[in-house]
Every structure is written in C-alpha cells, then in structure tokens.
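Okay, structure first, notes after.
No lab work stands behind these numbers, since they all come straight from the coordinates. What you see is a predicted model; the values in this text were computed from it and never measured. Here the Cβ positions follow ideal geometry from the backbone for every residue, glycine too, while neighbour counts run over all protein chains shown.
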Amino acid sequence: MKPLEDLLVLEFSQYMSGPLAGLKLADLGARIIKVEPPVTGEGGRNIDIKGMYVDDNSLLFHTINRNKESYVANLKVEEDFQKVENLIARADVMTHNFRPGVMESLGLDYKRVNKINPQIVYAEISGYGTDGPWSGKPGQDLLIQAMSGLTYLSGDRGDLPTPFGLSVIDILCGNYLVQGILASLVQRGKTNEGAHVEISLLETALDLQFEVITTFLNDGGKLPNRAKQGNAHAYLGAPYGIYKTVNGYLALAMTGLDKLGKIVGLESLGDYSDKDYFDRRDEIMDKLRAVFKTKSTDEWLAQLEPADIWCADVKGYKEFLNHKAYQILDMDQTLELTNGKELTTTRCPIRIDEKRFFSSIAAPQLGEHTKGIDKEFALDMTYEENIHEVKEN
C-alpha cells in the first residue's frame, strides 16, 4: 500500500508547476482527477517540447500527468458546474495555478470551496502572489528567473544573463506545494479543518536563492561576481568550478589549495590566504586550468580521488544513463499508452521502507474518465442531495 492511497485530489492546474505537484502526490498513492475544459483540455497538452507528441498530446504532458484521471467539465455551464461542486464535496485536496481572479470569476475561490467542503485543503500557485504591482503578469519560468536575479548566477563573467537549462522554478514550486499540502493534511488530522495553501513562483525563486540573497543582504549589497571561466557558484572561491582536460572536463568542489597544489604540482597555491580563495579566484583558476589541460580526466581522477579531493568527471546524458551508477538506482519505468505503445520515463525518487514506487499508468486522454466518475460519485444528483450523502457517509 502506498502512503497516500484513499486521498482524493482535484487538479484544476495546467502546464508545469501545478500538475507536477499532482504527479508527486500520485506517485505516493493519491488519486488525481484532472478537471479539464472540453475540446482543448488543459494547456499543457499542447506545450511543444522538441516537437515530440505521443497519443496526440505533447511528450511534456505525458511526463508530468501520468497516473491521473481526466474529467471534462465546462465550468460556465450550470450542469457541469454542479457536478464539479459535488466532486469538491468529496475531495481531500484541490489545486490550481491560474492567475489571481480566475477562480473567483468561475466561482471556485477558496471561500466558496471552503463552504462546500470545510475539510478540503485548497492549494494554489500564482506567479507573483495575489497582490502587488506584478500580480497580473504571466507566471512563466523563464520570466521568473529573469526578474528574480537568478540569471546572474549561472554562466561565466562575460556571458549574457544565463537561465537554468530546465524549468527549475516550476519544478521546485510544485514540490513546495506538495510540502504545504502534506503539512496541512497533518494539521487537518489534528483539527478536522481544511486549510488554504498559497505559494508563488517568485517566492520559490527567492527561496531557491536564499543562500546568495542572504550573502547579498549582509555583505553591503555587493552584486554576484561570476568567475571569468568555469564558474559554478558566483559566491564561492577557487578552486570551485569546471576545468578542461585533454579529453573532457573535470569538476572541482571545495578543497584546500595547499593540499591540491601539492598533488597537481602547483606548490605556489599554498601561498594564497583563505581570503585570496575568492578575491584572487580568477588568478588561481587560471593556474589550475593550465595544469589540468595537460592530462586526461581519468588520469586526474586517479590522482585526486585517492587523496580525498572532491572531484568528478563531467558526463553527458548518453554516458551517464548507461553507467552502472545510474542503472543500479532502477530509475526507469515504462508507461503503457492507450495506442498500445510504450513510453519510458523516470520513477518517483522516494523510497519508503526500502520500497520504490512505480506505476505503468500513462497520462489520460482528454475526458477519458468522465463517464466513470459521474457514475461512481453519482454526480447527477442535486448539490443538496450530494452534500447530504457525503455527510451520511
């Protein structure tokens, strides 16, 4: 049995952050019903990632919506709205990531939903919070990275502002929403009352940078200073970074320069003070670059690792995913698509009591489960009849 079995979650979310929260809950056993508009479904069904589509839906949609059910409802039609109200009355959790004001206009804001079901955990994601001068802006991952200062941490000093190469804010925000949901469910177990969970993409971006923002706030407001080349952290000193070797690259983490210098044949590194590690970072890294480019990555690893120097070779996906270190994790899982084909993706990374969590259920076709859900929950009842049955049960 998975830990969240018998937990019913209604997902009104779209694109990445909200559906990712649903994915994480589904991996742990929750039942996720995606409430989608007719014809088009949620917007994520058509997000183009490398032009790849599966079963007429984008590969991205399949990646973050596996193991869910799809229920189609036009919330502007009274009959459909009533059915959704009846579903809400039976749910444990409800999520959405629409801009502020959208759910209010649909009649499904927290106050309304709480009246329908006082025990529900209502969890929402916004771009920039519900108030303030940016609240109406589109909450999109790249835009949040750009506006929060994050793009001045990656890349080298001479580079343009450099964003992460993945939707890091969306992904982290979805995980934060799960934390809030689970905490509220624990609280509900004590109080028998639901809760209103709120998080924004912007707050997520700020928390992601808590280490460097704290440094900025307590260091006289000095701006991030990326290394000239091989930058890996704008606030850490040498030798922290990436170095070219004869046949690849070598990553070096924190280590004492005196010890490192003796191993690589640069005794002069021992002359630098602790303060020099950052203040003279580029000078030190230039010296190391000249040395590391004289041997292969494997040769350097053979010297550095036995001396307990924190280092690693820099691998691409092809090399890493075929390595035993990846294979022993058993991260792959196969989804069974409705057209009889299969799709390979990664599993939930969590293990509980030594058990890994797998599921072969692919993302749903639009409206695939509507009729079954109508029948299971008797959604054709009037709202009053349904509420009475919920209270009786």
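Counting DSSP beta bridges with both partners in the chain, what percentage is antiparallel, nearest 5?
Working: 16 of 38 bridges.
Looking only at bridges with both residues in the chain, the antiparallel portion is about 40 percent.
Using modelled amide H (1.01 Å from N, peptide plane; none on Pro or chain starts), what sits under 5 Å from the amide H of Leu153, excluding residues fewer than 5 places away?
Under 5 Å from the amide H of Leu153 lie the amide H atoms of Thr162, each far enough along the sequence or on another chain.
Could you sort out which of Lys262/Lys293; Lys24/Lys315; Lys293/Lys324; Lys259/Lys315 sit more than 22 Å apart by Cα distance in this structure? Display every interim value, and only then the final one.
Details: Lys262/Lys293 17 Å; Lys24/Lys315 27 Å; Lys293/Lys324 27 Å; Lys259/Lys315 26 Å.
Correct reply: Lys24/Lys315; Lys293/Lys324; Lys259/Lys315.
Quick one: go through the stretch 83-127 and flag any residue whose amide nitrogen is under 19 Å from the point 7 Å out along the Cα-to-Cβ line of Val39.
Residues 106 qualify, since their backbone N sits under 19 Å from the label point.
Tell me which of Thr245, Tyr277, Thr255 sits at the most positive position along the dipole axis of the stretch 241-314, charges placed on C-beta atoms (Lys, Arg +1; Asp, Glu -1).
Thr245
Compute the distance in nm between two label points, each set 7 Å from the Cα along the Cα-to-Cβ direction, one at Tyr249 and one at Glu319.
1.0
Could you rank the peptides 185-196, 69-80 by their average count of other C-beta atoms within 10 Å per residue, with the highest value first? Present the calculation step by step, with values, prior to reporting the outcome.
Numbers: 185-196: 13.2, 69-80: 16.8.
Highest-to-lowest ranking by the protection proxy: 69-80, 185-196.
Order the peptides 51-58, 242-249 from the highest to the lowest mean number of other Cβ atoms within 10 Å of their residues. Don't skip to the end; give the middle numbers.
Working: 51-58: 14.9, 242-249: 16.4.
For the peptides 51-58, 242-249, the packing ranking is 242-249, 51-58.
Cross-link candidates for Lys190: which lysines have Cα within less than 21 Å, leaving aside residues fewer than 8 places away along the same chain?
Lys115, Lys391
Amide H of Glu198 versus every other amide H placed in the peptide plane: which residues, excluding those fewer than 5 positions away on the same chain, fall under 5 Å?
When sequence neighbours closer than 5 places are left aside, the close amide H contacts are Glu124.
I want to check the label-to-label distance for Lys275 and Lys371. Put each point 7 Å from Cα in the C-beta direction and report it in nm to one decimal.
Using points 7 Å along Cα→Cβ, the separation is 7.8 nm.
Starting from the Cα of Arg356, step 7 Å along the direction of its Cβ; do the same at Lys76; then give the gap between the two resulting points in nm.
Result for the modelled spin labels: 4.7 nm.
Please list 286-296, 144-154 highest first by mean number of surrounding beta-carbon atoms within 10 Å per residue.
Working: 286-296: 15.9, 144-154: 19.5.
Result, highest mean Cβ count within 10 Å first: 144-154, 286-296.
Going by amide H atoms built from the backbone, whose H comes under 5 Å of the H on Glu368, apart from near neighbours?
Distant-sequence amide H within range of Glu368: Ser70.
I'd like the Karplus ³J(HN,Hα) series for the stretch 133-146: coefficients 6.51, -1.76, 1.60, θ = phi - 60°, whole numbers in Hz, and an x wherever there's a Gly or Pro.
These are the phi-based 3J(HN,Hα) values: x, 9, 4, x, 6, x, x, 10, 3, 4, 5, 5, 4, 5 Hz.
Give me the extension gain from Leu217 to Glu198: residue separation times 0.36 nm, minus the current Cα-Cα distance, reported in nm with one decimal.
Roughly 4.3 nm would be gained on extension.
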